[in-house]
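The values are calculated or read from the model by the stated rules, or taken from the named source; none is laboratory data. Because the structure is a prediction, the values reported are computed rather than measured. Counting neighbours? That spans all protein chains shown, and the Cβs are built from the backbone with ideal geometry, glycine included.
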Amino acid sequence: MATADPRLRSRAQQQQPAPVAPPPPPPPPAETTPAMGLDGSGDAPESSGTSSDDSFKLKFCTVCASNQNRSMEAHLQLATAQLPTISFGTGSLVRLPGPTINQPNVYNFNSTTYEAIHKELADQNTQLYTQNGLLNMIGRNLNIKKYPERFQDWMPGKPRLDHKGDQGYHGTESGVVDVIFTCEERCFDAVLEDLHNKGGRMNRPVHVLNVDIKDNHEEARVGGQAILDLALSLNNAASEERKARGETGWDRGSGGARQGFDEKVPEIVAAWQERWPTLPALWSLAWF
């Protein structure tokens, strides 16, 4: 597992049938019921538990290339488990499959809403994008938050007060997280490089963990379950450290409890890897 301080070295640069009337986007789900996933299941995501409303909660971030499939499935599962969660993509643009491999659908981050993407694809070819699962995926996404966001445009520590409608919003208002989950190695590299470039001005530690997930509907669902399992393990360890050593300095990323938690993370990841041996993991400590 990677252990180098990203502030001390740079990472490498990353890398026709006539359409029928389009269906309307699905309505928002009840707060305790997640939107239907890409596998067609309306059941709540499987997990090893949830974080109760009155307990301490780590703050999480999920990241994939376009903030569409893997990061959004993980975002949904973490938020459904009552964990504070935000999500991003690391690509230069949002890219989704088009009518051919050479004709992707391309959108801007931070401004093009999931609702607008859903409408455009439904207008373009409802049958095609229903068959390949894109409309289901984007219908799920628009019930989680308003639009895909780019990690490199995020300013850690800037309040996220305009995201009150996002699932997992409560606890993320300050714009700081404790753990970042990426879903493939190139996103892991991009996140570490961007944090290095931002200079760690807050001098606050953040654990960056990559869970390698194939970019398809079923693997995203399973990967989301694995990320939730790891998140709950990390959250339990943080809660135990705070109870044993007190909360002093935690919000600044310092103090005995925070140090004890940081030291436990590698062994928690190792134990998780034994439970999920088919999902290779990487870990690094970085700074905001």
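Here are the numbers for this structure:
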| read-out | value |
| --- | --- |
| Strands (runs of 3 or more DSSP E) within the stretch 74-169 that include 3 or more residues surrounded by 21 or more Cβ atoms within 10 Å (Cβ to Cβ) and in contact with a strand residue (DSSP E or B) (Cβ under 9 Å, 6 or more places away or on another chain) | 85-89 |
| Among (1) modelled with pLDDT under 50; (2) assigned by TED's automatic domain parsing to the domain that holds PRO159 - the single one GLN14 does not satisfy | (2) |
| Residue in the stretch 256-278 that is under 22 Å from THR182 (Cβ atoms) and among the hydroxyl-bearing types (Ser, Thr, Tyr) present | yes |
| Selected residue (criterion: surrounded by the fewest Cβ atoms within 10 Å (Cβ to Cβ)) from residues of the stretch 216-270 that are closer than 30 Å to LEU134 by Cα and hydrophobic (A, V, I, L, M, F, W, C) | VAL222 |
| Among residues of the stretch 171-186, those that are touching a Pro at 6+ places or on another chain (Cβ under 9 Å) and in a loop (DSSP other than H, G, I, E, B), counted | 8 |
| Qualifying residue in the stretch 60-71 (condition: assigned to a helix (DSSP H, G or I) and within 15 Å of the chain's Cα centre (by Cα)) | yes |
| Residues located in the stretch 218-274, provided they are under 19 Å from the mean Cα position of the chain (by Cα) and among the charged types (D, E, K, R) | GLU218, GLU219, ARG221, ASP229 |
| Pairs with Cβ under 8 Å, 6+ apart, first in the stretch 121-135 and under 17 Å from ASP215 (Cα atoms), second not hydrophobic (A, V, I, L, M, F, W, C) | ASN132/PRO97; GLY133/HIS217; LEU134/PRO97; LEU135/PRO23; LEU135/HIS118; LEU135/THR126; LEU135/TYR129 |
| Any hit, the stretch 180-196, residues being within 18 Å of THR112 (Cα to Cα) and in contact with a Cys (Cβ under 9 Å, 6 or more places away or on another chain) | no |
| Number of the condition not met by ASP53 [criteria: (1) modelled with pLDDT under 85; (2) of a type outside the set (A, V, I, L, M); (3) surrounded by 13 or more Cβ atoms within 10 Å (Cβ to Cβ); (4) closer than 29 Å to ASP251 by Cβ] | (3) |
| Number of positions in the stretch 271-285 that are part of a loop (DSSP other than H, G, I, E, B) and buried (at least 16 other Cβ atoms within 10 Å of the Cβ) | 2 |
| Some residue of the stretch 232-251 being in the same structural domain as GLN82 (by TED's automatic domain parsing), assigned to a loop (DSSP other than H, G, I, E, B) and basic (Lys, Arg) | no |
| Single condition LEU209 does not satisfy, out of (1) surrounded by 19 or more Cβ atoms within 10 Å (Cβ to Cβ); (2) hydrophobic (A, V, I, L, M, F, W, C); (3) part of a helix (DSSP H, G or I) | (3) |
